[in-house]
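Note sheet for the following structure.
The values are calculated or read from the model by the stated rules, or taken from the named source; none is laboratory data. Treat the numbers as computed from the prediction; the structure is a model and nothing was measured. Because the Cβ atoms are built from the backbone with ideal geometry, glycine has one as well, and the counts that use them run over all protein chains shown.
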Amino acid sequence: MLYTLVEMNRAAMAPVRLAARTSQMALENPLNPLGRTDPGKSLAAMADVFESSTRYYGKPDWGLDSTRINGVDVPVHAELDWSSPWCGLLHFRRDREAMALARGEGADPQPTLMIVAPLSGHYATLLRGTVEAFLPTHEVYVTDWADARMAPVWLGRFDLDDYIDQIRDMLSHLGPATNVLAVCQPGPPVLAAISMMAEDDDPARPATMTFMGSPIDARRSPTVPNLLAEERSLTWFEENMIYTVPAPWPGMFRRVYPGFVQLSSFMNMNWERHVDAQWRFFNHLVEGDGDGVEKHRGFYDEYLSVLDLTEEFYLQTIERVFQEHHLPRGIFNHKGRLVRPGAIRDVALMTVEGEKDDISGIGQTQAAHDLCVNLPADMQLDYIQPGVGHYGVFNGSRFRTEIVPRINEFINRFGRMRTAATRQAQIRQVV
């Protein structure tokens with residue numbers, strides 16, 4: 001019922017938003033003398049704040065048209081490289097001619113990096129800065145998860161086990177020596193997929209795996225979201241967080257965890273900060289501070305764009321990751337098969353955490369090292385970034401200047417080792 005009410009409210013507000021937008025345009029018209037007065041500027045700013053706060057935010061564009069390599073601007077094109085009804089694997093393909101000019105003819109191929117975006121309420125474009133930072137040094141792919149409200153019911157279920165299968169399918173598609181970087185939520189399912197690939201001696205298993213701010217073991221340094229997940233029963237989550245998609249969405253009648261519910265939860269955690277941000281936005285508009293306005297729009301256009309999760313995926317994640325902690329307890333099953341991280345022996349592991357992370361506390365990601373008991377110590381690296389929270393682990397200036405160089409060095413070291421080993425194995429097979 002809540003979902004229907006939200007949609008009805010959105011439709012009812014449409015004429016009001018249109019009126020606000022019309023008023024803003026009239027006040028900002030250079031021929032309107034009222035727009036140059038303080039009251040006129042304030043009214044225009046109020047209309048802008050109202051319209052931007054109440055509109056529907058769709059899926060954002062990536063906006064990554066080029067990258068700079070060795071002083072050369074290299075065009076970039078986002079292309080769908082692999083797809084299923086629930087996910088697309090985007091390849092940020094760099095122009096070959098420009099790459100040859102930037103790196104020289106015959107330069108060694110750069111490492112392949114598959115970035116696994118979280119399926120937790122926001123679109124993969126939340127990792128725009130992450131993708132941008134690795135474009136100069138890697139062949140970048142990113143998972144683009146589908147919005148459940150756009151998935152017709154005849155597509156069937158999509159649960160945590162299906163998610164793991166999708167990860168494995170994409171790794172198999174990219175082939176040997178791929179490097180995986182999982183941001184936040186994907187940590188446990190990605191580790192599960194790689195564990196099974198290692199146990200099966202799958203030749204497509206990745207060369208390296210990097211987990212950033214991931215709840216591998218949510219019992220460590222529990223944060224507010226972790227405590228909420230444990231304090232409430234699974235029945236409570238089902239009764240209070242799951243709603244039916246209404247018409248006219250393609251996924252109508254599907255039971256989902258709506259993105260707007262997730263967004264409300266996150267905003268309530270830092271409500272005063274968001275209110276202050278809106279007030280600063282209003283003042284920037286009145287003062288004509290274009291930089292401040294664009295910075296605000298850039299953040300909130302992304303932050304307020306949300307997608308829905310299927311009921312089964314959400315509830316299974318709550319139960320198996322945040323309530324019963326299946327992976328660190330050694331009882332994580334994938335379709336009846338026990339997942340054994342101890343089977344990983346040659347996939348190098350790096351973990352990255354933020355000192356001030358209020359979503360995945362210190363130690364939750366580090367737990368991956370304790371689970372990979374048969375991975376040599378010299379193939380493991382742990383790094384805690386001082387002074388950053390959850391968002392700063394995968395975006396921002398410190399991410400670009402302090403975290404990215406460490407990940408690059410890690411991948412260059414171990415990714416090249418796997419590539420060389422793969423080539424040697426191929427030569428032996430031919431001989």
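In the stretch 234-249, the residue that is surrounded by the most Cβ atoms within 10 Å (Cβ to Cβ) out of those that are of a type in the set (S, T, N, Q) and farther than 15 Å from Arg149 by Cβ is Asn240. Within the stretch 203-230, being within 21 Å of Ser265 (Cβ to Cβ), among the hydrophobic types (A, V, I, L, M, F, W, C) and assigned to a loop (DSSP other than H, G, I, E, B) holds for one residue alone: Ala218. Here the condition is being of a type in the set (Gly, Ala, Ser) and under 22 Å from Arg406 (Cβ atoms); of Gly187, Gly175, it holds for Gly187 alone.
Filtered by the rule that a residue be part of a helix (DSSP H, G or I) and out of contact with any strand residue (DSSP E or B) (no Cβ under 6 Å at 6 or more places or on another chain), the stretch 386-397 gives Tyr391, Ser397.
If only residues of the stretch 391-401 that are surrounded by 17 or more Cβ atoms within 10 Å (Cβ to Cβ) and free of Cβ contacts under 8 Å to residues at least 60 places away in the same chain are counted, the one that is nearest to Glu302 (Cα to Cα) is Tyr391. Among the conditions (1) surrounded by 20 or more Cβ atoms within 10 Å (Cβ to Cβ); (2) at negative phi, Glu231 misses just one, which is (1). Of the residues that sit in the stretch 175-224 and are touching a strand residue (DSSP E or B) at 6+ places or on another chain (Cβ under 8 Å) and polar (S, T, N, Q), which one is farthest from Asp378 (Cα to Cα)? Here the residue is Ser214.
Against the list (1) assigned by TED's automatic domain parsing to the domain that holds Phe313; (2) at pLDDT below 95; (3) of a type outside the set (Gly, Ala, Ser), the condition Pro246 fails is (1). Looking only at the stretch 26-53, residues that are free of Cβ contacts under 8 Å to residues at least 24 places away in the same chain and either at positive phi or surrounded by 13 or more Cβ atoms within 10 Å (Cβ to Cβ) (or both) come to 8 in all.
Only helices (runs of 4 or more DSSP H) whose full extent lies in the stretch 93-187 are considered here, and the ones with at least 2 residues that are of a type in the set (Asp, Glu) are 160-174. Do you know which residues across the stretch 338-362 are over 16 Å from Met197 (Cα atoms) and either buried (at least 18 other Cβ atoms within 10 Å of the Cβ) or outside the structural domain of Asp217 (by TED's automatic domain parsing) (or both)? Within the stretch 338-362, Met350, Thr351, Val352, Glu353, Gly354, Asp357, Ile359, Ser360, Gly361 qualify.
Only one entry in Gly121, Gly104 is among the small types (Gly, Ala, Ser) and surrounded by fewer than 21 Cβ atoms within 10 Å (Cβ to Cβ), namely Gly104. Candidates are the residues of the stretch 238-260 that are assigned to a helix (DSSP H, G or I) and in contact (Cβ under 8 Å) with a residue 40 or more places away in the chain; the one that is farthest from Gln185 (Cα to Cα) is Glu238. Answer yes or no as to whether Ser195 is of a type in the set (Ser, Thr, Tyr) and either crowded, with 23+ Cβ neighbours inside 10 Å or assigned to a strand (DSSP E or B) (or both). Spelling it out, Ser195 is indeed of a type in the set (Ser, Thr, Tyr) and either crowded, with 23+ Cβ neighbours inside 10 Å or assigned to a strand (DSSP E or B) (or both).
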